Amino acid sequence: MELTTLEAVRALRVDGGRLWQSLMDLARIGATDKGGVCRLALTDLDRQARDRVTAWARELGCSVRVDAIGNIFMRRAGMREDLPPVMTGSHIDTQPTGGKFDGNYGVLAGIEVLRTLCDRGLRTEAPIEVVVWTNEEGSRFVPVMMGSGVHARAFTLEHALAARDRDGVSVAEALRAIGYDGAEPVGGRAAAAYFEAHIEQGPILESEDIVIGAVAGALGQRWYDVVITGQEAHAGPTPMALRRDALLAASDLVRAVNRIAQDHAPHGRGTVGCLDVFPNSRNVIPGRVSLTVDLRAADDATLDGMARALARACGELEQGGAFEVSCKEVVYFAPQPFDAALVQAVRDGAASLGLDSLDIISGAGHDAVYMARVAPTAMIFVPCKDGISHNEIEDARPEHLEAGCNVLLHAMLRCCGRVEAAEEARA
Ligand SMILES: [Zn+2]
């Protein structure tokens, strides 16, 4: 019995084995001994990976365009080319000790969606584009999320092109060297929707035993540089009551930052990641400590409340006059809610496949966070083993990756307008 197109679309599933094989093929480019990947942005390995992915897209009849910051747009034509495309994608650069799935999954899930449509000879009313964003990781060049950041006008193309690595090589030079200094202008292109599939990089889905995370947004961030000044003195002759031990004060602040985050559950996060002790000598009472504070929350009101609590904690350290505390904010990322209709499309896509989904807020930055500034955006998370990422042991289960890719397919199809079988598919 012949299925109608609508039934055929409902029954559509990606080929999980083919997706897995593509992930493993791409992971060979820059493979490390410990099973991870080292493929820094704009290196020759990055070029090889870009060449591989674009070759796969061309095999499907996609056009490939590269913009001036090296972002790659692989486009499958729609029935109506005047409509803005439905987009998906991520990044294929990695950390020096990165894994096989971070970023790569989002790009190859997009390729698998295209392959699935091609297999069945299905055409969509809106075009579909799979994008590879340049330098998401920020390991070789700062700022992070560079390609999507320029695309979303978070910073200028000139600023990004001028960034240099530790050897003094600029982004502009590196792009030219690998042949991905494209002719297309960056940004200014409409998108009907942007979806990004990604491993969670955290432990929540695994611990809840749920396969699909419908990502409702990303945490806002405020970063601080704090300097606590006391007085260095000899560790022997100075009685305890007369000390101005800056490290002791810093330890109070470390605890305060942790408490501030706990007081702003469930999404509050507070971290002191760096500590610099002066003079860092075993028999000298520390006279000065520099430390970093990273505060995160899902909305600005909460983040502002945490910032005020941090200021109070610094003020309390200064009471009594033993310490001077300077606390400077150095980075602010606004909380970024994703598009409610697209988040619902992710939930609906999961439900139509018989999968449970969990609403989740991303604690990490992603290209999608910048894309959300210029297009309706949502993300799909799948679990990764023990929540570990940015590590060579990063791992994910093939069936979870397949499920996430099926959700991506069906969420995207909800945004693509009409879906029709091409003539050859009926033959
Ligand atoms: Zn990533």
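The values are calculated or read from the model by the stated rules, or taken from the named source; none is laboratory data. Predicted model only: the values in this text are computed from it and were never measured. When we count neighbours, we look across all protein chains shown, and the Cβ atoms used for this are built from the backbone with ideal geometry, even at glycine. The area values use the complete protein model at the heavy-atom level, side chains included, leaving out ligands, DNA and RNA. Shrake-Rupley method; radii C 1.70, N 1.55, O 1.52, S 1.80 Å.
Conditions (1) more than 27 Å from the chain's Cα centre (by Cα); (2) away from the ligand (no atom under 16 Å from the Cβ), marked per residue:
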| residue | (1), (2) |
| --- | --- |
| 315 | yes, yes |
| 348 | no, yes |
| 363 | no, no |
| 369 | no, no |
Q) Looking at the range 366-375, is at least one residue over 30 Å from residue 287 (Cβ atoms), modelled with pLDDT under 95 and not hydroxyl-bearing (Ser, Thr, Tyr)? A) no
(Q) Please determine whether any residue of the range 242-251 is under 32 Å from the mean Cα position of the chain (by Cα) and closer than 18 Å to residue 304 by Cα. (A) no
Q: From (1) touching a Leu at 6+ places or on another chain (Cβ under 7 Å); (2) at pLDDT below 95; (3) surrounded by 16 or more Cβ atoms within 10 Å (Cβ to Cβ), pick out the condition that doesn't hold for residue 249.
A: (2)
Q) How do the pairs read when you match residues in the range 61-84 that are among the acidic types (Asp, Glu) with residues anywhere that are open to solvent by 50 Å² or more (accessible area, probe 1.4 Å) and in a strand (DSSP E or B), using Cβ under 7 Å and keeping only pairs 6 or more apart or on different chains? A) 67/184
Q) Taking the range 170-219 as the search range and keeping residues that are closer than 19 Å to residue 353 by Cβ and charged (D, E, K, R), which one is nearest to the ligand (Cβ to nearest atom)? A) 196
Q.
Please go through the range 371-395 and give me each residue that is within 11 Å of the ligand (Cβ to nearest atom) and either not hydrophobic (A, V, I, L, M, F, W, C) or not assigned by TED's automatic domain parsing to the domain that holds residue 97 (or both), ordered by number.
A. 389, 390, 394
(Q) I'd like to check which strands (runs of 3 or more DSSP E) are fully inside the range 217-328 and have at least 2 residues that are closer than 30 Å to residue 378 by Cα. (A) 220-229, 269-271, 288-297
Q: Being in a loop (DSSP other than H, G, I, E, B) and in contact with a Pro (Cβ under 9 Å, 6 or more places away or on another chain) is the filter; apply it to the range 147-156 and report the residue that is farthest from the ligand (Cβ to nearest atom).
A: 155
**Q.** Verdict on residue 144 being hydrophobic (A, V, I, L, M, F, W, C) and either assigned to a helix (DSSP H, G or I) or under 30 Å from residue 11 (Cα atoms) (or both)
**A.** no
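So that you can scan it fast, the table gives a plain yes or no per residue for (1) open to solvent by less than 60 Å² (accessible area, probe 1.4 Å); (2) in contact with a Gly (Cβ under 9 Å, 6 or more places away or on another chain):
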site	(1), (2)
223	no, no
235	yes, no
256	yes, yes
264	yes, yes
282	no, no
Q | Single unsatisfied condition, residue 423 versus (1) under 23 Å from the mean Cα position of the chain (by Cα); (2) modelled with pLDDT under 95 | A | (1)
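Conditions tested, residue by residue: (1) open to solvent by 20 Å² or more (accessible area, probe 1.4 Å); (2) not in a helix (DSSP H, G or I).
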{"site": "378", "(1), (2)": "no, yes"}
{"site": "389", "(1), (2)": "yes, yes"}
{"site": "404", "(1), (2)": "no, no"}
{"site": "408", "(1), (2)": "no, no"}
{"site": "411", "(1), (2)": "no, no"}
{"site": "420", "(1), (2)": "yes, yes"}
Q | Set 177, 197, 172, 190: member being open to solvent by less than 20 Å² (accessible area, probe 1.4 Å), in the same structural domain as residue 344 (by TED's automatic domain parsing) and either outside any strand (DSSP E or B) or at pLDDT 95 or above (or both) | A | 197
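Would you pick out the residues in the range 329-341 that are at pLDDT 95 or above and outside any strand (DSSP E or B)?
Across the range 329-341, the qualifying residues are 335, 338, 339, 340, 341.
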Q: Could you check residue 1 against (1) modelled with pLDDT of 95 or more; (2) out of contact with any strand residue (DSSP E or B) (no Cβ under 9 Å at 6 or more places or on another chain) and say which number it fails?
A: (1)
Q. Out of contact with any Ser or Thr (no Cβ under 8 Å at 6 or more places or on another chain), in contact (Cβ under 8 Å) with a residue 60 or more places away in the chain, outside any strand (DSSP E or B) and under 23 Å from residue 331 (Cβ atoms): does that describe residue 182?
A. no
